[in-house]
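Remarks on the structure that follows.
The values are calculated or read from the model by the stated rules, or taken from the named source; none is laboratory data. All values reported here derive from a predicted model rather than from experimental measurement. Cβ placement follows ideal geometry from the backbone for every residue including glycine, while neighbour counts extend to all protein chains displayed.
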Amino acid sequence: MDILLVGAGLSGAVIGRALAEAGHHCTVIDSRSHLGGNCHMVRDEETGVNVHVYGPHIFHTDHAEVWGYVNRFETFQPYKNRVKTTAQGQVFSLPINLHTINQFYGKTMRPDEARAFIESQADTSITDPQTFEEQALRFVGPDLYEAFFKGYTEKQWGCSPTELPASILKRLPVRFNYDDNYFFHRFQGMPERGYTAMIADILDHPGIDLHLETPFTPEMAGRYGHVFWSGPLDGFFGYELGRLGYRTLDFERFTATGDWQGCAVMNYGDRDVPYTRITEHKHFSPWESHEGSVLYREYSRACGPEDIPYYPIRLVEEKALLADYVARAEREEGVTFVGRLGTYRYLDMDVTIRESLDTAAAFLGRDANQPMPSFVKAPL
């Protein structure tokens with residue numbers, strides 16, 4: 001079968017590779033001038049640093065099959081994400097751990113003492129946290145919430161934490177030991193040559209044709225037996241019902257000599273600092289050596305029609321509109337919506353790959369007359 005994959009990021013590449021290896025002919029198109037989607041990396045001409053163009057992506061997973069898959073196409077170097085934050089005139093480590101707690105309160109507590117102390121700070125009257133703020137107040141109390149979460153969250157999401165669901169904060173752990181590794185997954189690392197090189201190798205198959213700077217047009221679908229769409233779900237329908245809400249990022253680049261901030265990621269928790277964080281990209285490739293350094297201040301704001309969508313908002317209004325688009329998508333034939341944009345969900349890279357492998361398996365495993373569903377992973 002001739003298959004069209006819209007989007008040359010992880011979803012399109014992984015699905016396309018699996019189908020091509022099974023004997024299908026796959027055409028992958030992307031409206032951008034590069035492959036890799038928001039994982040795209042490029043060498044900075046001034047410093048030689050391999051830069052994460054759309055913000056840093058650290059690979060972490062508990063899926064042994066996914067880890068084996070990416071290492072099939074790229075050598076992954078060990079890398080632990082150790083985030084720092086500047087708040088209230090001091091630098092702390094994140095996620096909140098025993099060092100953070102002792103430093104913030106000027107104490108020398110052991111794990112059991114710190115656990116009891118934080119529980120004494122928490123608002124135990126909140127038994128079923130519904131909002132981000134309630135979740136934070138219940139589990140860390142007002143002091144740590146104000147220092148590390150409130151201002152950062154207001155900048156990142158452009159609204160009060162009282163308007164955000166508790167589920168956002170549930171992804172951020174509090175540790176009562178000195179482990180400052182931001183992630184807790186078994187497998188963690190960075191691609192030696194970068195994600196763009198890895199995705200180029202995934203797409204390097206005689207059964208795959210790649211066309212960049214090629215926007216999708218509706219008449220294309222009629223020339224293929226099936227379409228896998230990893231662009232914006234609402235974009236497939238020309239935004240006829242309205243636009244799903246996203247946050248986007250603006251990047252302010254600057255360079256330095258030597259080591260400018262001593263870490264890859266420095267968050268800024270105070271509300272009066274307009275940016276959310278500064279990233280120093282040579283620290284993401286510690287096996288390389290560069291005298292120069294390139295850094296980016298990140299500013300979060302509402303995503304406009306011409307902006308790159310990063311984070312789906314998924315509040316009440318967006319979920320209602322999403323339900324309308326999902327219902328419409330399920331009436332479509334010959335197209336499957338995949339990936340972060342196609343399913344309007346925040347997905348880590350390993351989940352994107354896992355779902356892409358599952359989507360390809362579903363396509364290959366169905367009976368000849370069995371239709372492929374619009375969503376292998378439901379957005380709602």
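Kindly indicate whether any position in the range 186-208 is modelled with pLDDT under 95 and either in contact with a Leu (Cβ under 9 Å, 6 or more places away or on another chain) or hydrophobic (A, V, I, L, M, F, W, C) (or both).
No: the range 186-208 contains no residue that is modelled with pLDDT under 95 and either in contact with a Leu (Cβ under 9 Å, 6 or more places away or on another chain) or hydrophobic (A, V, I, L, M, F, W, C) (or both).
Which numbered condition in (1) surrounded by fewer than 22 Cβ atoms within 10 Å (Cβ to Cβ); (2) among the hydrophobic types (A, V, I, L, M, F, W, C); (3) farther than 28 Å from Val49 by Cβ is the only one that Ala360 fails?
Looking at each condition in turn, Ala360 falls short on (1).
Picking from Arg32, Arg17, Arg115, Arg72, which residue would you name as being outside any loop (DSSP other than H, G, I, E, B) and under 30 Å from Tyr152 (Cβ atoms)?
Arg115
Among the candidates Lys80, Lys84, which residue alone is part of a loop (DSSP other than H, G, I, E, B), in contact (Cβ under 8 Å) with a residue 12 or more places away in the chain and in contact with a strand residue (DSSP E or B) (Cβ under 9 Å, 6 or more places away or on another chain)?
Testing whether each residue is part of a loop (DSSP other than H, G, I, E, B), in contact (Cβ under 8 Å) with a residue 12 or more places away in the chain and in contact with a strand residue (DSSP E or B) (Cβ under 9 Å, 6 or more places away or on another chain) leaves just Lys80.
If you check Gly238, Gly245, which single one turns out to be modelled with pLDDT of 95 or more, at positive phi and not acidic (Asp, Glu)?
Among Gly238, Gly245, only Gly238 is modelled with pLDDT of 95 or more, at positive phi and not acidic (Asp, Glu).
What number of residues within the range 30-57 satisfy the criterion of being crowded, with 21+ Cβ neighbours inside 10 Å and either on the phi > 0 side of the Ramachandran plot or touching a Leu at 6+ places or on another chain (Cβ under 7 Å) (or both)?
Counting residues in the range 30-57 that are crowded, with 21+ Cβ neighbours inside 10 Å and either on the phi > 0 side of the Ramachandran plot or touching a Leu at 6+ places or on another chain (Cβ under 7 Å) (or both) gives 5.
Quick check on my filter: what residues within the range 278-310 are part of a strand (DSSP E or B) and either without any contact (Cβ under 8 Å) to a residue 40 or more places away in the chain or in the same structural domain as Gly158 (by TED's automatic domain parsing) (or both)?
Selection gives Ile278, Glu280.
Considering only the range 8-59, state which residues are of a type outside the set (Ser, Thr, Tyr) and in contact with an Asp or Glu (Cβ under 6 Å, 6 or more places away or on another chain).
Ala8, His25, Val51
Residues checked against (1) surrounded by fewer than 16 Cβ atoms within 10 Å (Cβ to Cβ); (2) without any contact (Cβ under 8 Å) to a residue 24 or more places away in the chain; (3) in a helix (DSSP H, G or I):
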| site | (1), (2), (3) |
| --- | --- |
| Leu144 | no, no, yes |
| Ala147 | no, no, yes |
| Gly151 | no, no, yes |
| Lys155 | no, no, yes |
| Ile168 | no, no, yes |
| Asn177 | yes, no, no |
| Gln188 | no, no, no |
| Thr214 | no, no, no |
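Search the range 49-71 for residues that are under 19 Å from Gly37 (Cα atoms) and assigned by TED's automatic domain parsing to the domain that holds Leu357 and pair each with any residue that is among the acidic types (Asp, Glu) and not in a helix (DSSP H, G or I) when their beta-carbon atoms are under 8 Å apart and the residues are at least 6 apart or on different chains.
Within 8 Å, the pairs are Asn50/Asp44; Asn50/Glu288; Val51/Asp44; Gly55/Glu298; His60/Asp348.
Need pairs with beta-carbon distance below 9 Å; first residue without any contact (Cβ under 8 Å) to a residue 24 or more places away in the chain and within the range 102-118, second of a type in the set (Lys, Arg); sequence gap 6+ or separate chains.
Within 9 Å, the pairs are Met109/Arg115; Glu113/Lys107; Phe117/Lys107.
Between a residue in the range 359-380 that is at negative phi and of a type in the set (Gly, Ala, Ser) and any residue that is in a loop (DSSP other than H, G, I, E, B) and crowded, with 18+ Cβ neighbours inside 10 Å, which pairs come within a Cβ distance under 7 Å, given they are 6 or more apart or on different chains?
Going by the 7 Å Cβ cut-off, the qualifying pairs are Ala362/Val376.
In the range 157-166, which residue that is of a type outside the set (Ser, Thr, Tyr) and out of contact with any Leu (no Cβ under 9 Å at 6 or more places or on another chain) is surrounded by the most Cβ atoms within 10 Å (Cβ to Cβ)?
Among those that are of a type outside the set (Ser, Thr, Tyr) and out of contact with any Leu (no Cβ under 9 Å at 6 or more places or on another chain), it is Ala166.
Restricting to the range 13-41, name every residue that is touching a Gly at 6+ places or on another chain (Cβ under 8 Å) and under 21 Å from Asp348 (Cα atoms).
Hits for the range 13-41 are Asp30, Leu35, Gly36, Gly37, Asn38, Cys39, Met41.
Quick one: would you say Phe184 is surrounded by fewer than 17 Cβ atoms within 10 Å (Cβ to Cβ), out of contact with any Ser or Thr (no Cβ under 9 Å at 6 or more places or on another chain), not hydroxyl-bearing (Ser, Thr, Tyr) and not in a loop (DSSP other than H, G, I, E, B)?
no
Of everything in the range 35-57 that's among the aliphatic types (A, V, I, L, M) and in a loop (DSSP other than H, G, I, E, B), which residue is farthest from Val335 (Cα to Cα)?
This residue is Val49.
Tell me whether the range 315-338 contains one or more residues that are surrounded by 21 or more Cβ atoms within 10 Å (Cβ to Cβ) and part of a loop (DSSP other than H, G, I, E, B).
Among the residues of the range 315-338, at least one is surrounded by 21 or more Cβ atoms within 10 Å (Cβ to Cβ) and part of a loop (DSSP other than H, G, I, E, B), which makes the answer yes.
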